[in-house]
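Written below as structure tokens is the structure these notes are about.
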Amino acid sequence: MTSKELRQKYLDFFASQGHAIIPSASLIPENDSSTLFISSGMQPLVPYLLGEKHPAGVRLANSQKSFRTEDIEEVGDNRHNTFFEMLGNWSLGDYFKKEQLAWVFEFLTKVLGLDPARLYVTVFRGNDTIGIPADKEAVEIWQKIYAQAGLEAKDVNFPEKHGLQGGRIFYYDEKKNWWSRSGVPAKMPEGEPGGPDSEIFYDLGADLKRHEKSIFKDQPCHVNCDCGRFIEIGNSVFMEYIRTDSGFRKLSQQNVDFGGGLERITMVVQGKDNIFETDLFINAIRKIEQLSGKNYRGSMSAFEIITDHLKAASFIMGDDQGIAPSNTGQGYIVRRLVRRAIRHGRQLGIEQESWTKEIAKIVAHDYQETYPELKRNIDRVIDQLAEEETKFNKTLDTGLRVFEKIVDRQLTTDNRISGLEAFNLYQTYGFPIEMTVELAKEKNLTVDLAEYEAELKKHQNLSRTASAGMFKGGLADASEATVKYHTAAHLLLAALRKTLGDHVIQKGSNITSERLRFDFAHHDKLTEQEKKQTEELVNQAIKQDLPVTCEEMDLNEAKSRGAHGVFEAKYGERVKVYAIGREKLHFSQEICGGPHVKNTGILGHFKIQKEESSSAGVRRIKAILE
Ligand code: SER
């Protein structure tokens, strides 16, 4: 069975149980700051779990693109990946435990043909301090289900201390059997929904080869013990609680939130003990073998890290709301993924320049039917990967040499890399701090993270002070030529808004004495006609020799006059507004620090040289004055 068939069988099965199949949401969360990326199928559904009506009804199912930042460091064993697909089904106050557990068991054993004897389950042990009891109801349901499959299912407690104890149903605490977006009950903010859950594990067999962290020596094996023998393939959350200021209360409806990792289910159905050997990864693995001339079996972790990270990065960059590598927030995660993959590629001996795009192309191809957006946006992904690779490669070799020197010195002293050294590796050589920590770990060194954070802060404060004294508005200097380009940038924004519409806002600018670069929000490539009209509007404004005036006023006054600008200033603060044109007939009004020319007539002739994509939903124009 291919992964594609499996995905379809899941959707068909739940459709036959009355579920509406809904599309996967974007990986980039909307109105949800609980995680940087969508990390489970329920996230886009939170309002409906809380009681809002979903237009498609009370039974929903889908396959959702998901990404888990917290698993970045876990990749490199048989079952962890950062980007994955979650097969999900939901009851919004409709069916509950009895139906859910029976259906999911039927799907796994009857539709997919998994051996019931290899399936083990867990339930919530209960916790008096939050007043939520052990899930005996789930235990009884499971015992009936197993009995129908001809299996006795003993429930046993404290498996983490006493092992399997001949049981099939195991009680665990809230660290394992409670689910909310923010984790255990103690971490849930007020208003967050959550509940006890019941996980299903598949037994890969006691003789499984890759037990990196075999715990058989120290303690008995149990389904959650991390040795790799048991793999979690699905989780039914009984989401019926909401966090209040004093504890928990029941939601107005009993929900079910099921999630199962497509990669893992595919792995067991395809008889593999490693997700990376399924059809969801193998093409990328083979490509890395080609690129490196090395065999997957010889360096499994490196292959897995590269495959996982570039797949995840491609999906994030290739989303319709795509995020490019950068130094902050979501962009920093993308940068970490790509740079970590590049470093492992280097270790494998990949020499081809700009190779990461080869993996992106394979991922786009493998998923073209399920997630066509990646293929649609692949050119952007390729460009961004190439840019990131060039940037990082420029400094990587030198950075690694510097790192080796630090190691040589530290091995003879205190086995510790100082915060300043780590900061230098970041600042000068582009090493994400997590990469330095990883490299250090390989050499049995530690990194002083507190000191690193302090250095980073110091630097941020310094650069803030420096930028306060710099020319505003993205100007390289205050020469007359540069100032002309600055005024031209204002004319350009106004012309773009007249040509394309009011959605156009400035996203950034970079102005020198030779040209201007201007980024603005707009989704489509400009047509020849739109470019021409924009140029003409700017040139007309120049020909009319319009006056440029500056007035200081309150921010709210500026806003009410319709002045544009990045509203970074606080309410009530004084701002400067530069207006171009005659009173009441302004061609442009912008909140801006200046400087500008006095009259537009001296600008000359305005010409757009290039119009291109800058990032998702942002276009870039390069223009000159002739
Ligand atoms: N939200 C639950 C999880 O992520 C089940 O879908 O495990």
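What's the number of the condition Glu453 fails, among (1) acidic (Asp, Glu); (2) more than 22 Å from His344 (Cβ to Cβ); (3) without any contact (Cβ under 8 Å) to a residue 24 or more places away in the chain?
It fails just one condition, (3).
Specify the residue that is farthest from the ligand (Cβ to nearest atom); the eligible residues are those in segment 228-256 that are among the acidic types (Asp, Glu) and farther than 12 Å from Asp94 by Cα.
First, pick out the residues of segment 228-256 that are among the acidic types (Asp, Glu): 232, 240, 245.
Filter once more, so that each one left must be farther than 12 Å from Asp94 by Cα: 232, 245.
Values: Glu232: 9, Asp245: 24 Å.
Only one residue fits best here, namely Asp245.
Give the residues of segment 10-47 that are over 27 Å from Ile323 (Cα atoms), within 16 Å of the ligand (Cβ to nearest atom) and either surrounded by fewer than 14 Cβ atoms within 10 Å (Cβ to Cβ) or not hydrophobic (A, V, I, L, M, F, W, C) (or both), sorted by residue number.
Tyr10, His19
Which members of segment 290-331 meet the condition of being modelled with pLDDT of 95 or more, surrounded by fewer than 16 Cβ atoms within 10 Å (Cβ to Cβ) and not polar (S, T, N, Q)?
Hit for segment 290-331 is Gly293, nothing else.
Just need a number here: residues in segment 408-421 that are farther than 18 Å from Pro432 by Cβ and either surrounded by 14 or more Cβ atoms within 10 Å (Cβ to Cβ) or at pLDDT 85 or above (or both).
Step one: of segment 408-421, the residues farther than 18 Å from Pro432 by Cβ are 408-416.
Imposing the further condition that a residue be either surrounded by 14 or more Cβ atoms within 10 Å (Cβ to Cβ) or at pLDDT 85 or above (or both) reduces the set to 408, 410, 416.
So the count comes out to 3.
Would you point out the residue of segment 379-405, among those that are hydroxyl-bearing (Ser, Thr, Tyr) and loosely packed, with under 15 Cβ neighbours inside 10 Å, that is nearest to Val363 (Cα to Cα)?
Narrowing segment 379-405 to residues hydroxyl-bearing (Ser, Thr, Tyr): 390, 395, 398.
Now restrict to residues that are loosely packed, with under 15 Cβ neighbours inside 10 Å: 390, 398.
On the way: Thr390: 21, Thr398: 31 Å.
Checked segment 379-405; the qualifying residue nearest to Val363 (Cα to Cα) is Thr390.
For the structure I just gave you, tell me whether Cys221 is touching a residue at least 60 places away in the same chain (Cβ under 8 Å), more than 16 Å from the ligand (Cβ to nearest atom) and crowded, with 17+ Cβ neighbours inside 10 Å. Talk me through it step by step, then tell me what you get.
Numbers: touching a residue at least 60 places away in the same chain (Cβ under 8 Å): no; more than 16 Å from the ligand (Cβ to nearest atom): yes; crowded, with 17+ Cβ neighbours inside 10 Å: yes.
In short, no.
Can you tell me which condition Ala138 does not meet? The list is (1) at pLDDT 95 or above; (2) within 16 Å of the ligand (Cβ to nearest atom); (3) assigned to a loop (DSSP other than H, G, I, E, B), and all the others hold.
Against the list (1) at pLDDT 95 or above; (2) within 16 Å of the ligand (Cβ to nearest atom); (3) assigned to a loop (DSSP other than H, G, I, E, B), Ala138 comes up short only on (3).
It is to be established whether one or more residues within segment 13-33 are in contact with a Ser or Thr (Cβ under 8 Å, 6 or more places away or on another chain), within 30 Å of Cys227 (Cβ to Cβ) and in contact (Cβ under 8 Å) with a residue 24 or more places away in the chain. Let's see the steps before the verdict.
Let us first name the residues in segment 13-33 that are in contact with a Ser or Thr (Cβ under 8 Å, 6 or more places away or on another chain), namely 24, 27, 29.
Of the ones still in play, those that are also within 30 Å of Cys227 (Cβ to Cβ) are none.
So far as segment 13-33 goes, no, none of its residues is in contact with a Ser or Thr (Cβ under 8 Å, 6 or more places away or on another chain), within 30 Å of Cys227 (Cβ to Cβ) and in contact (Cβ under 8 Å) with a residue 24 or more places away in the chain.
Restricting attention to segment 109-117, does a residue exist that is touching a residue at least 60 places away in the same chain (Cβ under 8 Å), surrounded by 21 or more Cβ atoms within 10 Å (Cβ to Cβ) and not charged (D, E, K, R)?
no
Counting only residues that are away from the ligand (no atom under 14 Å from the Cβ) and part of a helix (DSSP H, G or I), which one in segment 70-96 is nearest to the chain's Cα centre (by Cα)?
My answer is Ile72.
Tally the residues that are closer than 30 Å to Gly331 by Cα, in contact with a helix residue (DSSP H, G or I) (Cβ under 8 Å, 6 or more places away or on another chain) and of a type in the set (A, V, I, L, M), restricting the search to segment 583-624.
Counting residues in segment 583-624 that are closer than 30 Å to Gly331 by Cα, in contact with a helix residue (DSSP H, G or I) (Cβ under 8 Å, 6 or more places away or on another chain) and of a type in the set (A, V, I, L, M) gives 5.
The values are calculated or read from the model by the stated rules, or taken from the named source; none is laboratory data. Owing to the predicted nature of the structure, the values given are computational and were not obtained by experimental measurement. Glycine also receives a Cβ, built like all others from the backbone with ideal geometry; neighbour counts cover every protein chain displayed.
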